[in-house]
Amino acid sequence: MDKFLIEGGVPLEGEIEVSGAKNSALPALAACLLTEEPVTLRRIPLVRDVQTMLQLLERCGASVHSEDGVLRVQAAEIVHPEAPYELVKTMRASSLVLGPLAARCGRARVSLPGGCAIGARPINLHLAGLEQLGARLSQEHGYIVAEAPNGLRGATVHFDRITVTGTEDLLMAAVLAEGETVLSNAAREPEVVDLAALLTQMGARIEGAGTSTIRVQGVRRLHGADHAIIADRIEAGTFLIAGAITRGRLVVRRCEPAHLTSLLHKLRQAGVEVTEAGPDTLAVRVPGKLISVDATTEEYPGFATDLQAQYMALMTQAHGISIITETIFENRFMHVLELARMGANIRVEGRQAIVAGPTPLSGAAVIASDLRASASLVLAGLAARGQTVLDRVYHIDRGYEKIEEKLARAGARIRRISEL
């Protein structure tokens, strides 16, 4: 099992380039199941979740060809419209194939998803929407079975609460459904907009992506496309915080500043100087002291839950008291105890974490519990005095492409070690 060894206390200097968004890559790959023609996807990050999704596509019958960072996927025939447990037990996004398989094949059998231990994240919202589109659903032996032998039919689907994966899943199902589908209270995330852009290239008729109401006019078939996915806003945010927490001078390239508005606002309030050095480039430094600033996670365009743990690491180095409120997931403070082992002063009260700072951090042996928690511990390790050993880095490999190599190129003393 791999670990990271981090020698902290080194300000990051230089440049880091952002990869394509994992959370765009996964639905884009699932969308390849909607057509028998080849789909070319560019800027796909080869992280563990993407590799799992590629295995799933091949299991369904698709061919996958990768060369120079470009993926070519062709699902000429769906042989097995199934997502088996042994493949998807580590990946929440497995449910993304439910809608495409039901729409194209009239049947899908998908294992209930696994992934990070940060809360229930039930897929009941996906399932209720599929039923409204005419699918018959049943559950057997840990699997969801969706059947629509006569095809799906357009309907008005209102999500009781905003769900990104649910919006994406129903959007992919609706493009091949007969008639009009209206998705109400839909997620507005950039990744949803990116998926809609890909589907539109493939021949779908979609209006309103990026708003809370998406309208889809179903078509009989989709064709191939060539699409480059957007930059990973969570990776970009993680690197911006890395530059701030180490009090370095870091330039983050190939990002999309417009997708980071809420984070940039918080960083500037906290005393971090962030400048746009180009249309896709941000530079970060801390000219004075860091100031504690509260944050509450919200659906986009609010403060991203996927940056909450990293922001908390930064607040341990800020002057004053900050209150961080988690509204999206009920169990997303699992990094707090590990940060406390490194010297952080954090108290959790329900869905709030009260952070008192600044506190000097010291290196320690810590364990990653989920993807974003692992990123926060890397950041803490970069700022800490002495050596940090981070165990279970397979969590971070699910969503960050060679993060240790990118950080090392900016001066971080971080390396991966393998243990049998």
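Below are the figures for this structure:
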{"quantity": "Kirkwood Rh, Cα atoms: Rg over Rh of the stretch 32-163", "calculated": "0.97"}
{"quantity": "Nearest-ten-degree value, helix 233-245 long axis tilted from longest Cα axis of the chain", "calculated": "0"}
{"quantity": "Karplus-derived HN-Hα couplings along the stretch 296-313 (A = 6.51, B = -1.76, C = 1.60, θ = phi - 60°), whole Hz, x at Gly and Pro", "calculated": "10, 6, 8, 4, 4, x, x, 5, 6, 4, 6, 10, 4, 5, 5, 5, 4, 4"}
{"quantity": "Cβ charges +1 (Lys, Arg) and -1 (Asp, Glu), total dipole of the chain, debye", "calculated": "720"}
{"quantity": "Where the Cα pairs of the chain fall when distances are cut into 10 Å bins, in %", "calculated": "5, 23, 31, 24, 13, 4, 0"}
{"quantity": "Radius of gyration and maximum dimension Dmax of the stretch 162-233, Cα, Å", "calculated": "11.4, 35"}
{"quantity": "Gain on full stretching of the segment that runs from ARG205 to ARG416 - 0.36 nm per residue minus C-alpha separation", "calculated": "71.4 nm"}
{"quantity": "Where the stretch 260-329 is the region considered: accessible area per residue in Å², 1.4 Å probe", "calculated": "37"}
{"quantity": "Nonlocal amide H pairs with ILE367, under 5 Å, H built at 1.01 Å", "calculated": "ASP391"}
{"quantity": "Along each principal axis, Cα extent of the stretch 265-383, largest first, Å", "calculated": "38, 32, 25"}
{"quantity": "Heavy-atom accessible area order for LYS3, LYS22, largest first, 1.4 Å probe", "calculated": "LYS3, LYS22"}
{"quantity": "Proximal lysines relative to LYS402, as straight alpha-carbon distance under 24 Å, when same-chain residues fewer than 8 apart are discounted", "calculated": "LYS3, LYS22, LYS89"}
{"quantity": "In order through the stretch 187-204: 3J(HN,Hα) via Karplus (6.51 cos²θ - 1.76 cosθ + 1.60), integer Hz, x for Gly, Pro", "calculated": "5, 10, 4, x, 5, 5, 4, 5, 4, 4, 5, 5, 4, 5, 4, 7, x, 6"}
{"quantity": "Sequence ranges 303-310, 169-176, ranked by mean other-Cβ count within 10 angstrom, highest first", "calculated": "169-176, 303-310"}
{"quantity": "Of HIS141, ALA21, GLY154, farthest towards positive along the dipole that unit charges on Lys, Arg, Asp, Glu beta carbons give the chain", "calculated": "ALA21"}
{"quantity": "Rule-of-thumb Rg ratio for the stretch 320-381 [Cα; 2.2 N^0.38 Å; N residues]", "calculated": "1.07"}
{"quantity": "Degrees separating the helix 48-60 axis from the principal Cα axis of the chain, which is the longest one", "calculated": "10"}
{"quantity": "Accessible heavy-atom area order of CYS105, CYS60, highest first, probe of 1.4 Å", "calculated": "CYS105, CYS60"}
{"quantity": "Percentage relative contact order, the stretch 229-379, counting C-alpha pairs under 8 Å, at least six apart", "calculated": "20"}
{"quantity": "PHE303 long-range amide H proximity, modeled H, under 5 Å", "calculated": "GLU298"}
{"quantity": "Prolate/oblate/rounded call for the stretch 221-332, Cα gyration tensor, a/c under 1.5 rounded", "calculated": "oblate"}
{"quantity": "Heavy atoms of GLU276: accessible area, 1.4 Å probe, square angstrom to 10", "calculated": "120"}
{"quantity": "Chain lengthening between ARG220 and GLN51 when straightened (0.36 nm per residue, less Cα-Cα)", "calculated": "57.8 nm"}
{"quantity": "Rounded FRET efficiency, nearest 0.05, which uses the C-beta distance separating ALA277 from ARG72 and R0 of 30 Å", "calculated": "0.30"}
{"quantity": "³J(HN,Hα) computed for each position of the stretch 276-284 - Karplus, 6.51 cos²θ - 1.76 cosθ + 1.60, integer Hz, glycine/proline x", "calculated": "8, 8, x, x, 10, 9, 10, 10, 10"}
{"quantity": "Under 5 Å, built H, 5+ apart or other chain: amide partners of LEU176", "calculated": "VAL219"}
{"quantity": "Extended-chain gain in nm, criterion 0.36 nm per residue less alpha-carbon gap, THR325 and ARG161", "calculated": "57.2 nm"}
{"quantity": "Environment charge at PRO360 (Cβ cut-off 15 Å; Lys +1, Arg +1, Asp -1, Glu -1)", "calculated": "+4"}
{"quantity": "Share of carbon and sulfur in the accessible heavy-atom surface of the chain [1.4 Å probe, %]", "calculated": "47"}
{"quantity": "Rounded accessible area of GLU419 (nearest 10 Å², 1.4 Å probe)", "calculated": "90"}
{"quantity": "Kirkwood hydrodynamic radius over Cα pairs of the stretch 35-76, then Stokes diffusion coefficient at 20 °C and 1.002 mPa s, in µm²/s", "calculated": "207"}
{"quantity": "Computed helical MRE - 222 nm, the chain, DSSP H runs ≥ 4 contributing -39500 (n - 2.57), nearest 500", "calculated": "-8500 deg cm²/dmol"}
{"quantity": "Projected label distance in nm at GLU58 and VAL182, using a 7 Å step from Cα toward the beta-carbon", "calculated": "4.4"}
{"quantity": "FRET E, pair HIS65, ILE291, Förster distance 56 Å, beta-carbon r, rounded to 0.05", "calculated": "0.65"}
{"quantity": "Given charges at beta-carbon only (K, R positive; D, E negative), |dipole| of the stretch 242-284 in Debye", "calculated": "180"}
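The values are calculated or read from the model by the stated rules, or taken from the named source; none is laboratory data. Keep in mind it's a predicted model, so treat the numbers as computed, not measured. Because the Cβ atoms are built from the backbone with ideal geometry, glycine has one as well, and the counts that use them run over all protein chains shown. Just so you know, the surface numbers come from the protein's heavy atoms only, side chains and all, with ligands and any DNA or RNA stripped out. Shrake-Rupley method; radii C 1.70, N 1.55, O 1.52, S 1.80 Å.
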